[in-house]
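Right, one structure below, let's go through it.
None of the figures in this text is laboratory data; all of them are computed from the coordinates on show. Bear in mind the structure is a predicted one, so any value in this text is a computation, not a measurement. Here the Cβ is made from the backbone with ideal geometry for all residues, glycine too, and neighbour counts use every protein chain on show.
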């Protein structure tokens, strides 16, 4: 029957795989080889740390705890001497060592999971017979520097990634690494700088810079040196987040300061006026100041001002006169130089306007509004080369309030009320690159972000605090020459008239 039906007996099907006997020594050799490979990889990744540990163990073994203590004491003394002799190189070394420790303790463990969850790791399909597996590729940390304020990581981008993709994940990275702030800065092609701030270096008040040295020549017996040079291309008016002085360019630049009420616009203006003080006293700079708020903010420094206007009509006259000076200088300098050099005969004219919106959006008189709308854009578009620059402050940076804000090469964003205003002031993408001006606390006036034309990323800064006593001292110390005070002074409605020794009511 079996032959008729053509059936054949079924072969035996094994129900379990045959057991393979592996010697124990093979297993132990494999585990030992894996551990040695990992140890070798750790040594290659952290040669300095391993060298320090081996050095400590050798000293402890040969000379005991007493010898180790003496060596550590000698190293501490050498470090203290190094710090006093060359602070910059010592700071670089400590930042490098701190960075290696942070890399080992924090980023080595969290980096890969964070890259996966933020979508910054790339999954590449790998064929494995009939199955398709995925291999993950991660961005690599090439350099790390740390200080007591922040960690700065130089990261190599994967193929197809851009700094903008990382900027979009800045908030997720900040939360993942428990930082106060996260900023992305583009480096050379294929690399970015990733900065995590853990403590705010600008939390304390910034003292004003020392502008005058001691009076060495004794020319006027006032105790101050009248020959102190002023760098008009970079006035020291505060401090940057990295600890360096914040230097604001004035010569050849217009400056826009935007911030909500109480954000510290006055700190920036007064620090700038103070920084210009030695040049005002030397007759190289003239301050033409417009305070549309009736002089409530800037009247305390009127002794330093060549022109001072507080009402709309007076401000319109001041700006028209500035346009006249600008055109006259442009005619004389045409074909001679491309940038005006301040002299006592032709000083740099700095026009300071405390509230630009009062001149652009809130003027009701049609004729005054027409004059202001004509003079301000002319100064901003043509005044830098002839030496007539504008420093303006505004609360609302919207286009309908300040239609010519793009004419300011240097822009400062203090605390703002809305996230969209950051890009209005500093340019598109500034907020994604870390300039979150709307998150600045109310208790940090003068803190903001500054961006100049040609600068890739905004820099976090804080203006120096100038109190009323210092304003009074600098207004008396940095008075302009008498001739400069008498010529062209415009202070309608204040009752101040020129006198031989300065000003008299």
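So what's Rg/Rh here for region 235-496, counting alpha carbon atoms and using the Kirkwood radius for Rh? Walk me through the numbers before you get to the answer.
Values: Rg = 17.4 Å, Rh = 18.5 Å.
So for region 235-496, dividing Rg by the Kirkwood Rh gives 0.94.
Taking 8 Å as the Cα distance limit and 6 or more residues as the minimum spacing, I'd like the relative contact order of region 88-199 as a percentage.
Working: 166 pairs, mean separation 25.2, N = 112.
For region 88-199, the relative contact order is 22 percent.
Can you compute the modelled spin-label distance between residue 108 and residue 198, with each label point 7 Å from Cα toward Cβ, in nm?
Here the answer is 1.6 nm between the modelled labels.
Using only Cα atoms and rounding to the nearest 10 degrees, what angle (0 to 90) does helix 312-333 make with the longest principal axis of the chain?
Helix 312-333 sits at roughly 80 degrees to that axis.
How fast does region 71-126 diffuse by Stokes-Einstein, in µm²/s, taking the Kirkwood radius from C-alpha pairs at 20 °C and 1.002 mPa s?
Values: Rh = 14.3 Å.
Reported coefficient: 150 µm²/s.
For the chain, what's the relative contact order in percent, using C-alpha pairs closer than 8 Å and at least 6 residues apart?
14 percent
Per DSSP helix of 4 or more residues, -39500 (n - 2.57); summed, then divided by the residues of the chain. What does that give at 222 nm, rounded to the nearest 500? The partial results should precede the final answer.
Values: 15 runs with 185 residues, N = 505.
One gets -11500 deg cm²/dmol as the mean residue ellipticity at 222 nm.
How far apart, in nm, are the 7 Å Cα→Cβ label points at residue 364 and residue 21?
10.7 nm
Please state the equivalent ellipsoid semi-axes for the chain: what are the square roots of 5 times the Cα gyration tensor eigenvalues, largest first, in whole Å?
One finds semi-axes of 64, 33, 17 Å for the chain.
For region 325-441, take the convex hull of the Cα atoms, compute a quarter of its surface area, and give me that in nm², please. Kindly include the intermediate steps, with their values, before the conclusion.
Values: hull surface 37.2 nm².
With every direction weighted equally, the projected area is 9.3 nm².
Along the principal axes of its C-alpha atoms, what lengths does region 88-199 span, in descending order and rounded to whole Å?
In descending order, the Cα extents are 58, 27, 25 Å.
When all alpha-carbon pairs of region 254-323 are counted, what percent fall beyond 19 Å? Intermediate values should be presented prior to the final figure.
On the way: 910 of 2415 pairs.
It works out to 38 percent of all Cα pairs.
Taking the DSSP beta bridges in the chain as the whole, what percent of them are antiparallel, to the nearest 5? It would help to have the intermediate numbers written out before the result.
Values: 45 of 67 bridges.
Restricted to the chain, the bridges split so that about 65 percent are antiparallel.
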